[in-house]
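Scroll down for the structure; my scribbles are underneath it.
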Amino acid sequence: MGAQWKAKHKEAAANAKGKVMGKLSKEIQIAAKSGADPDMNPRLRLAIEQAKKASMTRETLERAIRKGAGLDGDAVQYAAVSYEGFAPHQVPLIVECLTDNVNRTVAQIRVLFRKGQLGASGSVSWDFNHVGLIEATPNGDADPEMAAIEAGAQDFEEGEEEGATLFITDTTDLDAVQKALPVHGFTVTSAKIGYTPKNPVSASSLSAEALAEVEAFLEAIDENDDVQNVYVGLTQ
């Protein structure tokens, strides 16, 4: 499943693109609270790069930055909250949300976790590494192992998209590594702080029925408008 789970076929649906844009817009607004200048704000710079790669219009991008930075007198009121727990069959996960109403979000998350188990803060995160995650595609025959070493990444693995590589870094090295990778033959497609599981559940250890239950649970979580990222301890 990789470091960040994605619902099957969601990206092909028209409404999925709208959800992606909504999530990117929220991330830009939150990042812009620390300053509207991307040269001085690494988180904002990364968010802008992801938005451009997703074909966000310039007007939408600039509006999100201005709203987040409060340049029009209407500063963003989103709060970042996270939830930990288990999907069916004891698959651990961390759910990151951005919301303008925490009470609404926690009520919805509790309902979504009825088929799993919602845990207290720290109940699951100890079993994940807090890292930088950079997905990049090779230009020609660029070698991911050499690129990881030269760019300063901790590790690398197969990315979610075909032909892509996921480079894993220290959280403090994310910006430097994503800037260095193009020098070593890779085009960065996304970069952010996230989580990788330490002891993931193997999908092959689950029956087809059990795996279907896990995937249905995760898809329902991902469909929630306040959910930004879902990190799952599940591997092929």
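Any idea which residue in segment 95-107 is surrounded by the fewest Cβ atoms within 10 Å (Cβ to Cβ), counting only those that are polar (S, T, N, Q) and over 14 Å from Q228 (Cα atoms)? Working first, answer last.
Going through segment 95-107, the residues polar (S, T, N, Q) turn out to be 99, 101, 103, 105.
If we keep only those that are over 14 Å from Q228 (Cα atoms) as well, we get 101, 103.
On the way: N101: 13, N103: 8.
Out of the qualifying residues, it is N103.
In summary, G194 fulfils each of the numbered conditions (1) among the small types (G, A, S); (2) more than 30 Å from M40 (Cα to Cα); (3) not in a helix (DSSP H, G or I) with the single exception of condition (2).
What is the residue count in segment 133-166 for residues that are open to solvent by less than 30 Å² (accessible area, probe 1.4 Å), at pLDDT 95 or above and in contact with a Ser or Thr (Cβ under 7 Å, 6 or more places away or on another chain)? The total comes to 1. All of (1) closer than 23 Å to N199 by Cβ; (2) exposed (fewer than 15 other Cβ atoms within 10 Å of the Cβ); (3) touching a residue at least 12 places away in the same chain (Cβ under 8 Å) hold for P92 with one exception: (2). Specify the residue that is farthest from the chain's Cα centre (by Cα); the eligible residues are those in segment 195-236 that are among the β-branched types (V, I, T) and open to solvent by less than 10 Å² (accessible area, probe 1.4 Å). For segment 195-236, the residue satisfying everything is V214.
Of the residues making up segment 59-77, one or more are in contact with a Lys or Arg (Cβ under 7 Å, 6 or more places away or on another chain), free of Cβ contacts under 8 Å to residues at least 24 places away in the same chain and open to solvent by 20 Å² or more (accessible area, probe 1.4 Å).
So, D37, is that one at pLDDT 90 or above, part of a loop (DSSP other than H, G, I, E, B), open to solvent by 50 Å² or more (accessible area, probe 1.4 Å) and over 30 Å from S123 (Cα atoms) or not?
Values: at pLDDT 90 or above: yes; part of a loop (DSSP other than H, G, I, E, B): yes; open to solvent by 50 Å² or more (accessible area, probe 1.4 Å): yes; over 30 Å from S123 (Cα atoms): yes.
Yes; evaluated as a whole, the condition is true for this residue.
Please specify each residue of segment 79-89 satisfying the condition of being out of contact with any Gly (no Cβ under 7 Å at 6 or more places or on another chain) and either buried (at least 20 other Cβ atoms within 10 Å of the Cβ) or at pLDDT 90 or above (or both). Matches in segment 79-89: V81, S82, Y83, H89.
The values are calculated or read from the model by the stated rules, or taken from the named source; none is laboratory data. Source: prediction; values computed, not measured. All Cβ positions, glycine included, derive from the backbone under ideal geometry; neighbour counts span all protein chains shown. SASA here: full protein model, heavy atoms, side chains in, ligands and nucleic acids out. Shrake-Rupley method; radii C 1.70, N 1.55, O 1.52, S 1.80 Å.
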